[in-house]
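Enquirer: Next up is a structure, given as structure tokens.
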């Protein structure tokens with residue numbers, strides 16, 4: 001039995017959607033979550049800087065005895081996952097792009113897949129590369145939706161403003177794709193808004209797929225906690241944004257009880 005925690009990190013609070021999925025699938029596993037709220041968004045930063053931040057956070061989580069690292073940030077996965085795997089070979093590290101790509105390929109009926117994400121994620125072409133490596137016959141349309149993250153961070157997940165923004169971004173996918181990857185952990189919070197505009201398009205929410213992938217990795221490396229006691233969640237953030245508790249509830253679906261502010265790490 002391995003009762004060490006699962007380490008999860010994101011540029012902000014969006015990765016709590018992955019934590020929620022992990023808690024549902026693996027309720028007896030403890031989780032240490034790191035949200036880099038002082039330095040978000042990662043989606044507009046350079047590859048070098050995202051790699052630097054990701055390495056700092058991974059070191060922090062390993063010091064907290066994390067037995068596996070889940071990079072719950074699409075941008076960090078796209079820009080830093082390969083570097084993390086090279087630099088931290090003793091700890092299994094998984095990202096969100098591979099699981100999301102696999103799920104999209106399994107769900108598409110016509111081989112037409114859309115991807116939405118931050119500017120950095122879309123510019124990296126990480127999803128396109130991942131999908132094409134698995135099935136070169138799939139057609140992919142990608143689009144950056146940079147305003148989605150600030151809307152979610154402000155708790156504006158419904159109303160006229162976000163509906164207009166979503167329509168502006170997503171109307172071009174109509175009749176062109178049958179499956180759409182929500183390539184940012186914030187986007188599941190906009191699923192109801194997105195689904196209104198993308199009717200008859202299957203939405204891929206990577207959070208639940210990543211949780212399944214983490215479960216498989218834990219099994220493979222014999223790291224599962226076989227105990228019956230419910231796991232704990234400790235959240236570390238680099239800044240306490242206004243309305244943090246409300247936002248935490250939105251992403252996680254419950255109150256965050258063990259919250260720690262990290263100034264120097």
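Enquirer: All but one of (1) under 19 Å from residue 5 (Cβ atoms); (2) outside any helix (DSSP H, G or I) hold for residue 219; state the number of the condition that does not hold.
Expert: (2)
Enquirer: Another question about this same structure. Evaluate the range 14-22: report whether one residue or more is over 15 Å from the mean Cα position of the chain (by Cα), within 19 Å of residue 212 (Cβ to Cβ) and touching a residue at least 60 places away in the same chain (Cβ under 8 Å).
Expert: Checked against the condition, which is being over 15 Å from the mean Cα position of the chain (by Cα), within 19 Å of residue 212 (Cβ to Cβ) and touching a residue at least 60 places away in the same chain (Cβ under 8 Å), the range 14-22 yields no hits at all.
Enquirer: Take residue 130 and tell me if it is surrounded by fewer than 18 Cβ atoms within 10 Å (Cβ to Cβ), free of Cβ contacts under 8 Å to residues at least 60 places away in the same chain and over 21 Å from residue 13 (Cα atoms).
Expert: It is false that residue 130 is surrounded by fewer than 18 Cβ atoms within 10 Å (Cβ to Cβ), free of Cβ contacts under 8 Å to residues at least 60 places away in the same chain and over 21 Å from residue 13 (Cα atoms).
Enquirer: Suppose the filter is within 22 Å of residue 57 (Cβ to Cβ) and at pLDDT 95 or above; does residue 232 pass it?
Expert: So residue 232 passes the test.
Enquirer: Please tell me if residue 121 is modelled with pLDDT under 95 and under 18 Å from residue 42 (Cα atoms).
Expert: Yes; evaluated as a whole, the condition is true for this residue.
Enquirer: Of the residues in the range 164-191, how many are touching a helix residue (DSSP H, G or I) at 6+ places or on another chain (Cβ under 6 Å) and free of Cβ contacts under 8 Å to residues at least 40 places away in the same chain?
Expert: 2
Enquirer: For residue 106, all conditions in the list (1) within 30 Å of residue 233 (Cα to Cα); (2) free of Cβ contacts under 8 Å to residues at least 24 places away in the same chain hold save one; what is the number of the exception?
Expert: Of the numbered conditions (1) within 30 Å of residue 233 (Cα to Cα); (2) free of Cβ contacts under 8 Å to residues at least 24 places away in the same chain, the odd one out for residue 106 is (1).
Enquirer: For the range 148-164, what are the residues that are surrounded by fewer than 18 Cβ atoms within 10 Å (Cβ to Cβ) and more than 17 Å from the chain's Cα centre (by Cα)?
Expert: 154, 155, 156, 157, 158, 159, 160, 161, 163, 164
Enquirer: Within the range 133-155, can you find the residues that are touching a helix residue (DSSP H, G or I) at 6+ places or on another chain (Cβ under 8 Å) and either free of Cβ contacts under 8 Å to residues at least 12 places away in the same chain or on the phi > 0 side of the Ramachandran plot (or both)?
Expert: 155
Enquirer: Quick test for you: out of 68, 94, pick the one residue that is in contact with a strand residue (DSSP E or B) (Cβ under 6 Å, 6 or more places away or on another chain) and over 30 Å from residue 169 (Cα atoms).
Expert: The conditions single out 68.
Enquirer: Quick test of your reading of the structure: residue 212 fulfils all but one of (1) over 25 Å from residue 41 (Cβ atoms); (2) not in a helix (DSSP H, G or I). Name the failing condition by number.
Expert: Single failed check for residue 212: (2).
Enquirer: Evaluate the range 225-246: report whether one residue or more is in a helix (DSSP H, G or I) and out of contact with any strand residue (DSSP E or B) (no Cβ under 8 Å at 6 or more places or on another chain).
Expert: Scanning the range 225-246, I find at least one residue that is in a helix (DSSP H, G or I) and out of contact with any strand residue (DSSP E or B) (no Cβ under 8 Å at 6 or more places or on another chain), so the answer is yes.
Enquirer: Which of the numbered conditions does residue 55 fail, given that it passes all the others? Conditions: (1) in contact (Cβ under 8 Å) with a residue 40 or more places away in the chain; (2) out of contact with any strand residue (DSSP E or B) (no Cβ under 8 Å at 6 or more places or on another chain).
Expert: Exception for residue 55: condition (1).
Enquirer: Go through the range 97-118 and count every residue that is part of a loop (DSSP other than H, G, I, E, B) and modelled with pLDDT of 95 or more.
Expert: 4
The values are calculated or read from the model by the stated rules, or taken from the named source; none is laboratory data. A quick note: this is a predicted structure, and the numbers were derived from the prediction, not measured. Neighbour counts run over all protein chains shown; Cβ positions are idealised from the backbone, glycine included.
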